[in-house]
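The values are calculated or read from the model by the stated rules, or taken from the named source; none is laboratory data. Quantities reported herein were computed from a predicted structural model and do not represent experimental measurements. Every residue, glycine among them, receives a Cβ derived from its backbone with ideal geometry; neighbour counts consider all protein chains shown.
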């Protein structure tokens, strides 16, 4: 039973003079965080209209974001964190779906929304860098004698967050997260990862992501520890921030660790205050190197915005595994038969020698009741809960010792830097090109963590890759986003097809960049620029997989 709310955790900090929130310019005590949050809660109540009490936030990691999270907890509102990497019609569709009645943003965020119909009139935008904003909030500042309160109707079931996530089909979904579930995660994660009140938690991951909220903000609030912000993740500025704040803990997702390790090694960088970190999708090689350079162990986990607590940590966990199932309801099953899969037999590289028998979908046969569902998406709810079980949409396997490994994601989503990118969207963009006969997009393993986007395109005889002008074409696609452009592009005048004449996506994904057709690769930052991969390039890429202990991801 969840009998605690995020509002309870926040109000427990009334009168607490321990540092609660910091940026480069100011420190707020926890008592000040509560009072500032309560002022914004009063403002939200004043501006509330009929309908779902949904407040969108489109901001970098700035103090106002945290204060509005607290405000929502106290007044019973729902925060919808808007992903600033989305673009165009995709962004419009995502935001409009959540029925916002108020938007907290800044001038940069408002500009990002120019020309989009998100269902929120401009007079319902609150711009934090507008000169009138401080006065608007200031009208609701609490008198010293007033004790902050929460709305009495708030219960553990009160919805606090809508987190954009993605499943095996369709567009992004808004996963519900109640105050009770988040408070429970806060307590559990604090104990699981050994946090204490003396921790100084550095938050480089975006606050619209479940990682920052569930693994850092809520746990640290439950303890009264210190939360430190940086507007956006910066690999070059990471260690400077750690030293400035005296950080002991941080969270990460995707390739953030690889980006930090790509910075030149400096004398004395191991002399820092970090003691532990939590995240997902760092390669075994990166975990080892991070420990060597910075003296900080990285703890990998498995979970999602929809559900967590399925894996239990173990000191004996192999480097590539997540841990062991937390209870006997967590299983790997054949999605067609629901039969439990056989243990995986691993070769010397850690690859599964019996994939057809061992790899299946990760399910929790007891998890359906805990799943809180998606906002206005009964089809997606039905996809997640079938036969009374909770289906993650993720593939995995158990080795003979009972350790659980991640094996990819079913469907048409690609995990890039711990964000789910729609293969269907990339595919649709490529098919707009006037010289492309057909195209498919899919994920291929990244040599360090997660996936990269790859596309296979069929083009007419007499047309070459350079004739496509692909970099310029992709740059013109407003709805593609910053991470949807393919990093590998296979071109052919005759791609393999299925019996029905469709491109054989499964075969193309299996072959990836290891095929006989020309494959062009983008291996830098900024506007994509593609070069033809040679056999030497492919061999070097394979060696990169080997160096990071990820050969098992190459079938």
TODO: Check the range 346-356 and report whether any residue there is under 21 Å from residue 554 (Cβ atoms), surrounded by 19 or more Cβ atoms within 10 Å (Cβ to Cβ) and touching a helix residue (DSSP H, G or I) at 6+ places or on another chain (Cβ under 7 Å).
DONE: yes
- [ ] Could you pull out every one of the strands (runs of 3 or more DSSP E) wholly within the range 319-428 that has 1 or more residues that are under 30 Å from residue 204 (Cα atoms)?
- [x] 360-364, 389-398, 404-409, 413-416, 419-422
TODO: State which residue is farthest from the chain's Cα centre (by Cα) when the search covers only the range 253-273 and only residues that are under 15 Å from residue 242 (Cβ atoms) and in contact (Cβ under 8 Å) with a residue 40 or more places away in the chain.
DONE: 273
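Residues checked against (1) exposed (fewer than 14 other Cβ atoms within 10 Å of the Cβ); (2) at pLDDT below 95; (3) not assigned by TED's automatic domain parsing to the domain that holds residue 49:
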position: 121; (1), (2), (3): yes, no, no
position: 125; (1), (2), (3): no, no, no
position: 137; (1), (2), (3): no, no, no
position: 143; (1), (2), (3): yes, yes, no
position: 146; (1), (2), (3): yes, yes, no
position: 154; (1), (2), (3): no, no, no
position: 157; (1), (2), (3): yes, no, no
position: 165; (1), (2), (3): no, yes, no
position: 168; (1), (2), (3): no, yes, no
TODO: Please give the number of the condition residue 25 fails out of (1) free of Cβ contacts under 8 Å to residues at least 40 places away in the same chain; (2) part of a strand (DSSP E or B).
DONE: (2)
Task: strands (runs of 3 or more DSSP E) (entirely within the range 114-194) containing at least 2 residues that are under 24 Å from the mean Cα position of the chain (by Cα) - done: 159-165, 173-178
Open item on the list: Considering only the range 298-321, I want to know if a residue exists there that is closer than 20 Å to residue 234 by Cα, touching a residue at least 24 places away in the same chain (Cβ under 8 Å) and within 26 Å of the chain's Cα centre (by Cα).
Closed with: yes
Open item on the list: out of contact with any helix residue (DSSP H, G or I) (no Cβ under 6 Å at 6 or more places or on another chain), buried (at least 23 other Cβ atoms within 10 Å of the Cβ) and in contact (Cβ under 8 Å) with a residue 40 or more places away in the chain: is that true of residue 175 in this structure?
Closed with: yes
Open item on the list: Quick check on the range 379-395. Is at least one of its residues under 29 Å from residue 192 (Cα atoms), more than 25 Å from the chain's Cα centre (by Cα) and at pLDDT 90 or above?
Closed with: yes
Open item on the list: Quick check on my filter: what residues within the range 271-283 are in contact with a helix residue (DSSP H, G or I) (Cβ under 6 Å, 6 or more places away or on another chain) and either exposed (fewer than 15 other Cβ atoms within 10 Å of the Cβ) or not in a loop (DSSP other than H, G, I, E, B) (or both)?
Closed with: 278
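Table: residues versus (1) in the same structural domain as residue 85 (by TED's automatic domain parsing); (2) over 20 Å from residue 30 (Cβ atoms); (3) buried (at least 24 other Cβ atoms within 10 Å of the Cβ); (4) in contact with a helix residue (DSSP H, G or I) (Cβ under 8 Å, 6 or more places away or on another chain).
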| position | (1), (2), (3), (4) |
| --- | --- |
| 204 | no, yes, yes, yes |
| 235 | no, yes, no, yes |
| 241 | no, yes, no, no |
| 244 | no, yes, no, no |
Open item on the list: Filter the range 461-492 down to the residues that are in contact with a helix residue (DSSP H, G or I) (Cβ under 9 Å, 6 or more places away or on another chain) and in a loop (DSSP other than H, G, I, E, B) and list them by number.
Closed with: 477, 478, 479, 480, 481, 484, 485, 486
Open item on the list: Suppose the filter is closer than 30 Å to residue 376 by Cβ, modelled with pLDDT of 95 or more and not in a loop (DSSP other than H, G, I, E, B); does residue 51 pass it?
Closed with: no
